[in-house]
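Contents: one structure, followed by commentary.
The values are calculated or read from the model by the stated rules, or taken from the named source; none is laboratory data. Quick caveat, the model's predicted, so the values are computed rather than measured. Note that each Cβ is placed from the backbone with ideal geometry, even for glycine, and that neighbours are counted across all protein chains shown.
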Amino acid sequence: MDLNRFFSDLASEKPVPGGGSASCVAAAMGVSLVEMVARLSVGRGEEASDEKAFTGMVEDLPAKKARLFQLAEEDAAGYRQVMRAFRLPKDTEQEKTRRKEEIQKAFEGAITPPLTLMEMVVDLLNAAGFVLERGNRNAFSDAAVAYYLFKVAFEGGRMNVLINLGSLQDASRKQFILTQLSRLEKAFDEKKRETEEMIQAWIDKNPA
């Protein structure tokens, strides 16, 4: 992804990219910070398991970052599909029926990228929590910023799921997605509490 072009497009009057893609890029920045802290921690782990974990992060996180950039593109594509569906002809009853079906299909498709983002963020909080707890102390604030970027990404993903979900008419499908959303919110809130307690403890020990 060309970030200079992305930010230029984001600031423009174009309908995409928007908040959904921005949330994915925020998460990608969080991944980069976790990777940086992991690199700074290799060779400094207190236990062999720490070294293995840091090395594993350095190897695995670039692929997650690439997936987040891909999700940013998919989010924009999902919104374009919604716009295309709304532009379908509606002169005849057959056209109206097809248009309605395509609109519903597009809204459901638009839910997938932000929901996937939320899933990824919940998983990435494990890595953020680990580098906060076991990583290089000199890079603690960088790890903390990574967490806050993940927090923004999660809330952005949640917002975009809810916006599109409001237009979904299939009650059973809507309930299925709401169940997934509730599960992710619960998992995120648990990790959020643990992580923010860790950050606050560090702040208390290192007063200004």
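Couple of notes before you dig in:
- Asn160, sole failed condition from (1) exposed (fewer than 15 other Cβ atoms within 10 Å of the Cβ); (2) under 17 Å from the mean Cα position of the chain (by Cα): (1)
For (1) in a helix (DSSP H, G or I); (2) among the small types (Gly, Ala, Ser), each residue gets a yes or a no:
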residue	(1), (2)
Ser167	no, yes
Lys174	yes, no
Glu185	yes, no
Phe188	yes, no
Lys192	yes, no
Glu197	yes, no
Asp204	yes, no
Pro207	no, no
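- When restricted to residues that are of a type in the set (A, V, I, L, M, F, W, C), surrounded by fewer than 18 Cβ atoms within 10 Å (Cβ to Cβ) and modelled with pLDDT of 95 or more, segment 41-68 contains 3.
- Residues in segment 128-141 that are over 18 Å from the mean Cα position of the chain (by Cα), surrounded by fewer than 22 Cβ atoms within 10 Å (Cβ to Cβ) and either at pLDDT 95 or above or in a helix (DSSP H, G or I) (or both): Phe130, Glu133, Arg134, Arg137, Asn138, Ala139, Phe140, Ser141.
- Residue match in segment 62-83 (condition: more than 17 Å from Ala106 (Cα to Cα), without any contact (Cβ under 8 Å) to a residue 60 or more places away in the chain and over 20 Å from the mean Cα position of the chain (by Cα)): no
- Options Phe140, Phe86; residue that is over 20 Å from Ala63 (Cβ atoms) and in contact (Cβ under 8 Å) with a residue 60 or more places away in the chain: Phe140
- Of Ala110, Ala146, all but one fail to be crowded, with 24+ Cβ neighbours inside 10 Å and either closer than 17 Å to Ala27 by Cα or in contact with a Cys (Cβ under 6 Å, 6 or more places away or on another chain) (or both); the exception is Ala146.
- In segment 179-187, the condition of being among the charged types (D, E, K, R) and over 23 Å from the mean Cα position of the chain (by Cα) is met by no residue.
Every residue, every condition in (1) part of a helix (DSSP H, G or I); (2) among the hydroxyl-bearing types (Ser, Thr, Tyr); (3) within 16 Å of Val161 (Cα to Cα), yes or no:
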residue: Val58; (1), (2), (3): yes, no, no
residue: Ala63; (1), (2), (3): yes, no, no
residue: Ala76; (1), (2), (3): yes, no, yes
residue: Val82; (1), (2), (3): yes, no, yes
residue: Leu88; (1), (2), (3): no, no, no
residue: Asp91; (1), (2), (3): no, no, no
residue: Lys100; (1), (2), (3): yes, no, no
residue: Ala106; (1), (2), (3): yes, no, yes
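- Qualifying residue in segment 84-94 (condition: crowded, with 19+ Cβ neighbours inside 10 Å, in contact with a Phe, Trp or Tyr (Cβ under 9 Å, 6 or more places away or on another chain) and over 30 Å from Lys105 (Cβ atoms)): no
- Restricting segment 1-20 to residues that are under 27 Å from Met57 (Cα atoms) and buried (at least 18 other Cβ atoms within 10 Å of the Cβ), the residue that is modelled with the lowest pLDDT: Phe6
- You will find that of Ser32, Ser23, the residue that is surrounded by 22 or more Cβ atoms within 10 Å (Cβ to Cβ) and touching a helix residue (DSSP H, G or I) at 6+ places or on another chain (Cβ under 9 Å) is Ser23 and no other.
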